[in-house]
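The values are calculated or read from the model by the stated rules, or taken from the named source; none is laboratory data. Remember, it's a predicted structure, so these values are computed and weren't measured experimentally. Every residue, glycine as well, gets a Cβ built from its backbone with ideal geometry; the counts of neighbours run over all protein chains shown.
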Protein chains: 2
Amino acid sequence: MNIEMIRAAARRLEGHARRTPLLSSPFLDEMAGRRVLVKPECLQHTGSFKFRGARNAIAAMDPEARTKGVIAFSSGNHAQGVALAARAFGVPAVILMPADAPALKIANTKALGAEVVLYDRATQDRDEIGAGLAAARGLTLVKPFDDPLVIAGQGTVGLEIAAQAAAMGVTEAQVLVPCGGGGLTAGIALALEANAPAMQVHPVEPEGFDDVKRSLAAGRRLANARQSGSVCDAILTPSAGEITFPLLHRLCGPGLAVPDDEALHAMAAAFSRLKLVIEPGGAVALAAALFHADQIEAETVIVVASGGNVDAPLYRAALERFA
Amino acid sequence: MNIEMIRAAARRLEGHARRTPLLSSPFLDEMAGRRVLVKPECLQHTGSFKFRGARNAIAAMDPEARTKGVIAFSSGNHAQGVALAARAFGVPAVILMPADAPALKIANTKALGAEVVLYDRATQDRDEIGAGLAAARGLTLVKPFDDPLVIAGQGTVGLEIAAQAAAMGVTEAQVLVPCGGGGLTAGIALALEANAPAMQVHPVEPEGFDDVKRSLAAGRRLANARQSGSVCDAILTPSAGEITFPLLHRLCGPGLAVPDDEALHAMAAAFSRLKLVIEPGGAVALAAALFHADQIEAETVIVVASGGNVDAPLYRAALERFA
């Protein structure tokens, strides 16, 4: 896993993934007490950064294997990223989802051309079903984060941050990244190590699900006690990956954790000040910048808004409370 | 008024105005029955395209006159555009607003460094107060649309559309633009006449406030019967300008008009599919693309989302009804 893999990913994604802008607002600067730059991956295809890694992994596959198709386990952003990337190559995508996943997410994934296979979380083993399907049909698994090609795809966000910030005269900054399994955070950290070495990356998690923060402090991979119970569903991962954690440990500064209410408040600030729709899990880094200024030292903080796939009722509730 | 003025504006705005992206979603394509490309000027500084024209006008001023400051009449997007542009040059901005303007808009304009002067709509004459202030303090008026430098600034949106669409292989399209006084629409039409001559521009207005549509059909400037009564407040202008109308008449195809409910529905679609916050007046072009497909012929429709400054209660109501 090295910077050359991220540069190769950038070449594969050129003209396919969006180069999202780097946004700002004087109102956010004032709230945070410093310059805030926001990288809105909610504007990426399928509404999250996940498209980058999925597309890179599928683009790099052996063409013959790719023709048979890909499979992914996901009820969320990764599912949509894999579905759209597979469709672009004209190959089948099978997405294994729990039968109780929101109907809208199932419908959206199907609408992007994927075959959705539902399983019963209580009585069926997802891995077993997936392995059976993959073997029977020759499908290749696209992992959500613990895969070098996926990490490299997400790392292209870091290449863009380095170039866009430099164009604004910014070479030193703390970079806050919403962190689940760590694919996005590790990829960005690798890219910045090479292209913006004076920037320091910090993973941001929901309170109560701060396994990466605790793991970085302990120097070894720890897991979360719970797997649900936060509105930040997109980043509730049991623990960092076997590939991502050593990268996070080598490259990232201390983690930060924010309560759900601050994520919702940050969503409302992004509505008012950036005109961006951010989902709760995608808003934790902005929340840390706005509401934990005392834990940040740099004059400039760069935050990644990693996705925008939020249901309307939750979004309305966030605006009602905080906008 | 010619293309060279728009190119000069682009040079003045380089590094200051944002080059907003050109976005799309397969879900919107399906709703519209054709390819839909969205130019989100809601992501521009101050949340609307108005910053471009204001900044260009102030940048082109005689430096000595500029030092004395500028004045504008506006309770909305133009006010914020002028305030931020003036602040960037370190010169005073006086914004004349009705005393019953929303407190949030007054607060935002002040927060951008402007001096807000309130007047009573019932008893005071805005033009008289403005003329008095301008004379006493040597302020220069920045008009909202009927000024060549303002039109040229807005026209830079058209230069970007031409270049971004060409990079996607699109040279033929119908371009739908939310239209109030016509500064944005005329500027884009002039830019596309030069840089993308196979594109045809159509102004889009709220039903009941379709003076430009009727004026284009009649060949002369007509006015709206009413001045309020639509949620599309940003584009409720009594009539097109003396400078903008001849440009619209020479360059633009028939206008379209959409009911308020369709604008709100388009806002909800932009929330779900683009992760963009669009205000009602900024959503009329997207509404026309999504809900009036029968009035469009081209394989590709490009819509401008001209602003995103919408209050949270109205936005929540739009999502509740249509998301």
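Among A:ASP29, A:ASP100, A:ASP62, which is the only one that is out of contact with any Gly (no Cβ under 7 Å at 6 or more places or on another chain), modelled with pLDDT under 95 and surrounded by fewer than 18 Cβ atoms within 10 Å (Cβ to Cβ)?
Of the residues listed, the single one that is out of contact with any Gly (no Cβ under 7 Å at 6 or more places or on another chain), modelled with pLDDT under 95 and surrounded by fewer than 18 Cβ atoms within 10 Å (Cβ to Cβ) is A:ASP100.
Just the residues that are outside any helix (DSSP H, G or I) and over 23 Å from A:ASP62 (Cβ atoms), please, taken from the range A:121-154. Talk me through it step by step, then tell me what you get.
Filtering the range A:121-154 down to residues outside any helix (DSSP H, G or I) leaves A:121-125, A:138-147.
Of everything in the range A:121-154, those that are outside any helix (DSSP H, G or I) and over 23 Å from A:ASP62 (Cβ atoms) turn out to be A:ARG121, A:ALA122, A:THR123, A:GLN124, A:ASP125.
Is it the case that A:ALA285 is aliphatic (A, V, I, L, M) and more than 17 Å from A:GLU207 (Cα to Cα)?
On the way: aliphatic (A, V, I, L, M): yes; more than 17 Å from A:GLU207 (Cα to Cα): no.
Answer is no for this residue.
Does the range B:259-267 include one or more residues that are among the acidic types (Asp, Glu), closer than 22 Å to A:PHE271 by Cβ, modelled with pLDDT under 95 and surrounded by fewer than 24 Cβ atoms within 10 Å (Cβ to Cβ)?
no
Among the residues of the range B:91-120, count how many are assigned to a loop (DSSP other than H, G, I, E, B) and within 21 Å of A:SER24 (Cβ to Cβ).
3
Restricting the search to the range B:111-126, which residues are within 14 Å of chain A (Cβ to nearest Cβ) and either more than 19 Å from B:THR46 (Cβ to Cβ) or over 21 Å from the mean Cα position of the chain (by Cα) (or both)?
To start, the set of residues in the range B:111-126 that are within 14 Å of chain A (Cβ to nearest Cβ) comprises B:111-114.
Result: B:ALA111, B:GLY113.
Residues of the range A:160-193 being hydrophobic (A, V, I, L, M, F, W, C) and within 22 Å of A:GLY241 (Cα to Cα), which ones?
Residues satisfying the conditions are A:VAL175, A:LEU176, A:VAL177, A:CYS179, A:LEU184, A:ALA186, A:ILE188, A:ALA189, A:LEU190, A:ALA191, A:LEU192.
Under the condition of being within 22 Å of A:THR185 (Cα to Cα) and among the aliphatic types (A, V, I, L, M), which residue from the range A:129-145 is nearest to the chain's Cα centre (by Cα)?
Of everything passing the filter in the range A:129-145, A:VAL142 is nearest to the chain's Cα centre (by Cα).
Checking the condition closer than 22 Å to A:ARG250 by Cβ and among the aliphatic types (A, V, I, L, M), which residue from A:ILE106, A:ILE129, A:ILE151 passes?
Values: A:ILE106 fails: closer than 22 Å to A:ARG250 by Cβ; A:ILE129 fails: closer than 22 Å to A:ARG250 by Cβ.
Answer to the check: A:ILE151.
From the residues in the range B:171-220 that are surrounded by fewer than 24 Cβ atoms within 10 Å (Cβ to Cβ) and of a type in the set (Ser, Thr, Tyr), which one is nearest to the chain's Cα centre (by Cα)?
B:SER215
When you look at B:LEU13, is it within 19 Å of B:ILE161 (Cβ to Cβ), surrounded by 24 or more Cβ atoms within 10 Å (Cβ to Cβ) and modelled with pLDDT of 95 or more, yes or no?
Answer is no for this residue.
Please verify whether B:ILE243 is under 25 Å from B:PHE73 (Cβ atoms), touching a residue at least 24 places away in the same chain (Cβ under 8 Å), hydrophobic (A, V, I, L, M, F, W, C) and buried (at least 22 other Cβ atoms within 10 Å of the Cβ), treating the condition exactly as stated.
Working: under 25 Å from B:PHE73 (Cβ atoms): yes; touching a residue at least 24 places away in the same chain (Cβ under 8 Å): yes; hydrophobic (A, V, I, L, M, F, W, C): yes; buried (at least 22 other Cβ atoms within 10 Å of the Cβ): no.
The answer is no for B:ILE243.
Of the conditions (1) over 23 Å from A:GLU299 (Cβ atoms); (2) free of Cβ contacts under 8 Å to residues at least 40 places away in the same chain, A:GLY169 clears all except one; give me its number.
(1)
So is B:GLY282 in contact (Cβ under 8 Å) with a residue 60 or more places away in the chain, crowded, with 24+ Cβ neighbours inside 10 Å and not aliphatic (A, V, I, L, M) or not? Walk me through it before giving the result.
Numbers: in contact (Cβ under 8 Å) with a residue 60 or more places away in the chain: yes; crowded, with 24+ Cβ neighbours inside 10 Å: yes; not aliphatic (A, V, I, L, M): yes.
When the stated conditions are applied, B:GLY282 passes them.
I'd like to verify a number: residues in the range B:1-43 that are in contact (Cβ under 8 Å) with a residue 12 or more places away in the chain and more than 9 Å from chain A (Cβ to nearest Cβ), how many? Steps first, answer last, please.
So in the range B:1-43, the residues in contact (Cβ under 8 Å) with a residue 12 or more places away in the chain come out as B:1-3, B:5-10, B:12-13, B:16-25, B:27-28, B:31-43.
Right, trim to more than 9 Å from chain A (Cβ to nearest Cβ) and you get B:1-3, B:5-10, B:12-13, B:16-17, B:22, B:28, B:31-39, B:41.
Counting residues in the range B:1-43 that are in contact (Cβ under 8 Å) with a residue 12 or more places away in the chain and more than 9 Å from chain A (Cβ to nearest Cβ) gives 25.
Of the residues that make up the range B:64-73, is at least one touching a residue at least 60 places away in the same chain (Cβ under 8 Å), within 14 Å of another protein chain (Cβ to nearest Cβ) and under 21 Å from B:PRO178 (Cα atoms)?
There is no residue in the range B:64-73 that is touching a residue at least 60 places away in the same chain (Cβ under 8 Å), within 14 Å of another protein chain (Cβ to nearest Cβ) and under 21 Å from B:PRO178 (Cα atoms).
Residue-by-condition table, conditions (1) modelled with pLDDT of 95 or more; (2) over 17 Å from B:ILE3 (Cβ atoms); (3) assigned by TED's automatic domain parsing to the domain that holds B:ASP100; (4) in contact with a Pro (Cβ under 9 Å, 6 or more places away or on another chain):
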{"position": "B:TYR119", "(1), (2), (3), (4)": "no, yes, yes, yes"}
{"position": "B:ALA122", "(1), (2), (3), (4)": "no, yes, yes, no"}
{"position": "B:ASP127", "(1), (2), (3), (4)": "no, yes, yes, no"}
{"position": "B:GLN164", "(1), (2), (3), (4)": "yes, yes, no, yes"}
{"position": "B:VAL175", "(1), (2), (3), (4)": "yes, no, no, no"}
{"position": "B:GLU193", "(1), (2), (3), (4)": "yes, no, no, no"}
{"position": "B:VAL204", "(1), (2), (3), (4)": "yes, yes, no, yes"}
{"position": "B:ARG214", "(1), (2), (3), (4)": "yes, yes, no, no"}
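Where in the range B:231-323 are there helices (runs of 4 or more DSSP H), lying fully within it, with 3 or more residues that are within 14 Å of chain A (Cβ to nearest Cβ) and either over 17 Å from B:PRO178 (Cα atoms) or among the β-branched types (Val, Ile, Thr) (or both)?
Qualifying helices (runs of 4 or more DSSP H): B:260-274, B:312-322.
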